[in-house]
Every structure is written in C-alpha cells, then in structure tokens.
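The structure under discussion appears below in the form of structure tokens.
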Amino acid sequence: MPPSIIRSALFVPGSRPERFAKALAAGADAVIVDFEDAVEEPLKRQARDNLAAFLQSNPQSSVWVRVNAPDHAEHLADLAFCTQHNGVVGVLLPKVESAAHVVAVHATGKPVLPIIESAKGLLALEQIAHAPGVERLSFGGLDLALDLNLNSGTPAAQLFLDQARMSVQLHSRGANLAPPLDGVHPAIGDPDGLHRAVRHAYDMGYGGVLCIHPKQVPVIHAALAPSAEDLAWAQRVVDASAAANGAGAFQLDGQMVDAPVLLRAQRLLALATTQS
C-alpha cells in the first residue's frame, strides 16, 4: 500500500490527554502523540498510560507516536507500547544517527519516520534512508542548528540548513521514500512566516511540515494547495494524455509532454484531492 499524503503532522504532548481529541479534530493529516521533548521526565510513563487509555476509549482513532531517543531510558518501553497498540500507526524516531536505530524501531511492525537532527544523522543519511521500515524522513532544523552551533536566523545558518534539507530530499528520492517533512515553525503567532517556510520547503521537494499548534494546520494546507491555474493545467495534461492513447510523448499548447510532466500533473491533482 503506498504511503498517504501528509501535508501536516500535528504534535500533541503525551502528558496532556485532554488535548488528544482536540488534536485529532484539528484537520491535520497526521497527529503525533509526543513522548519525547514535550513531556517532562517524571511524566514519561504517565504519557504512555494516557495514550493507552485514550486508544482504549477511542478504538477508531489512529495516531503516530514520537518515542524517546534511542539512548533514553524509556526508549524500549516506548517501542513495546507502539507494538502493542493497533491505534499507533507509525513511529516518529528522534535523534536517529544510524540504520541500527531504525532497525530496532522496525521491529514494532509500524512504519518509521526518522528525524534527521544532528551532524551524525546527516552523515549517516544514506544508510538511514535505506533502512527497513522507513516510510519517509523528517528534518529537525532546530535541533540540528543547536548541534552544529549555528547562529540561528542568520543567512549563513539558513544556507547550511538548506543544504541539509537538500541532502534529506536527495536521499529520500534515492531510497524511493515518500516526500520528507520539514521541521516545526516555532512562532505560533506568525502565520505569514509559517506560510513562507512551508512554501520554501515545498519548493525544495518536501511534502509537508511538522507543526505544534492546531491553528498552524490551515496555514500549512493553504500554503501547499495548488493554485487554480496549476490545477487547470494539470487536468488538461491528464486529459490530453488519455486522448493520446498511451503515447509516450505528445504536444500540448506547443510544449512537449512526457512522463515526468504527466507525473507532476498527476501529483498536483492528487494533492488537490487531499486538500478537498
């Protein structure tokens, strides 16, 4: 089964069970219950209990889980939890720095979404991308900037982070993965900045974005929505291809249309279907 289109993946802290239903109702393509950064150390086990109770009461619900990092004391217990619950449909793996980290998560039987957020993770990208069970990669720019001692917000830092984004996208394509997800935009009250960041990631081949507040979801979806002009063009390409009876290449408005152009048109129409 091909992976689903994910434009928005909304985090909700595992220590805040009163927010689980609200997050699922926010319209995000995926909801990620966070056992890691958003949960204080004394509440790590309670976060698992919270989600277990919610899934038992809401068996129709499906969530991803961001487990604790591979070197954290709760990592193995988090993996066991994900294995046991059908409502957990995927595992977001932070601080991944080797294919071995992915292999351990793959044993849960759930799709794996590694977050690339360290220099070691970047250097092991090829092995991580080709590890078993990986559905798509994610880019953790905030943690990466901290790990690399970048001066965040400067043109130099942006240049480095964009080169890292390019590497994540390059290895995603090389491993035939779903389009990667960009990292969170931490300024919740900055919809214009979020819109620009999403479009920037989209222009670099990213399929969606991680987010931290429900009101960021519609901004992300609007930023990723194809324009009416793009959709009209895509539909005409697909219609012309059907009329061409399977020809490998044909002309439309004086321009050659071949397999890559047709695939782009089909992707735009698929994205619009998700948007509706």
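How do the helices (runs of 4 or more DSSP H) wholly within the range 85-141 filter down when requiring 1 or more residues that are modelled with pLDDT of 95 or more and within 27 Å of S61 (Cβ to Cβ): which remain?
Ranges flagged: 99-106.
Condition first: within 19 Å of R267 (Cβ to Cβ) and either in contact (Cβ under 8 Å) with a residue 40 or more places away in the chain or more than 14 Å from the chain's Cα centre (by Cα) (or both). Now tell me which residues in the range 169-194 satisfy that.
Of everything in the range 169-194, those that are within 19 Å of R267 (Cβ to Cβ) and either in contact (Cβ under 8 Å) with a residue 40 or more places away in the chain or more than 14 Å from the chain's Cα centre (by Cα) (or both) turn out to be L170, S172, R173, G174, A175, N176, L177, A178, P179, P180, L181, D182.
Can you tell me which residue in the range 109-166 is nearest to V184 (Cα to Cα), limited to those that are basic (K, R) and surrounded by 16 or more Cβ atoms within 10 Å (Cβ to Cβ)?
First, the residues of the range 109-166 that are basic (K, R): 110, 120, 136, 165.
Among the residues that remain, those that are also surrounded by 16 or more Cβ atoms within 10 Å (Cβ to Cβ) are: 110, 136, 165.
On the way: K110: 23, R136: 16, R165: 13 Å.
Ranking the qualifying residues of the range 109-166, first place goes to R165.
Check D239 against each of (1) modelled with pLDDT of 80 or more; (2) closer than 30 Å to A30 by Cα and name the one condition it does not meet.
Among (1) modelled with pLDDT of 80 or more; (2) closer than 30 Å to A30 by Cα, the lone unmet condition for D239 is (2).
I'd like to verify a number: residues in the range 233-256 that are among the hydrophobic types (A, V, I, L, M, F, W, C) and either surrounded by fewer than 11 Cβ atoms within 10 Å (Cβ to Cβ) or free of Cβ contacts under 8 Å to residues at least 24 places away in the same chain (or both), how many?
Final tally of qualifying residues: 9.
Just to verify a result, which residue in the range 68-84, among those that are of a type outside the set (A, V, I, L, M, F, W, C) and in a helix (DSSP H, G or I), is surrounded by the most Cβ atoms within 10 Å (Cβ to Cβ)? Break it down stepwise before answering.
Narrowing the range 68-84 to residues of a type outside the set (A, V, I, L, M, F, W, C): 68, 70-72, 74-75, 78, 83-84.
Still in the running and in a helix (DSSP H, G or I): 75, 78, 83-84.
On the way: H75: 21, D78: 26, T83: 14, Q84: 12.
Ranking the candidates gives D78 first.
Among the residues of the range 215-232, what is the count of those that are out of contact with any Cys (no Cβ under 8 Å at 6 or more places or on another chain) and surrounded by 18 or more Cβ atoms within 10 Å (Cβ to Cβ)?
The number of residues fulfilling the criteria is 5.
Within the range 57-86, can you find the residues that are closer than 17 Å to V31 by Cβ and among the polar types (S, T, N, Q)?
Residues satisfying the conditions are S57, N58, Q60, S61, S62, N86.
Being of a type in the set (G, A, S) and buried (at least 21 other Cβ atoms within 10 Å of the Cβ) is the filter here; which residues of the range 85-108 pass it?
G90
Can you go through H195, H200, H221, H213 and tell me which one is in a loop (DSSP other than H, G, I, E, B) and within 26 Å of V168 (Cα to Cα)?
That would be H213, the only listed residue that is in a loop (DSSP other than H, G, I, E, B) and within 26 Å of V168 (Cα to Cα).
Do we find a residue being surrounded by 16 or more Cβ atoms within 10 Å (Cβ to Cβ) and at pLDDT below 95 anywhere in the range 193-200?
no
The values are calculated or read from the model by the stated rules, or taken from the named source; none is laboratory data. Everything quoted here is computed from the prediction, not taken from an experiment. Heads up, the Cβs are rebuilt from the backbone with ideal geometry, glycines too, and the neighbour counts pull from every protein chain shown.
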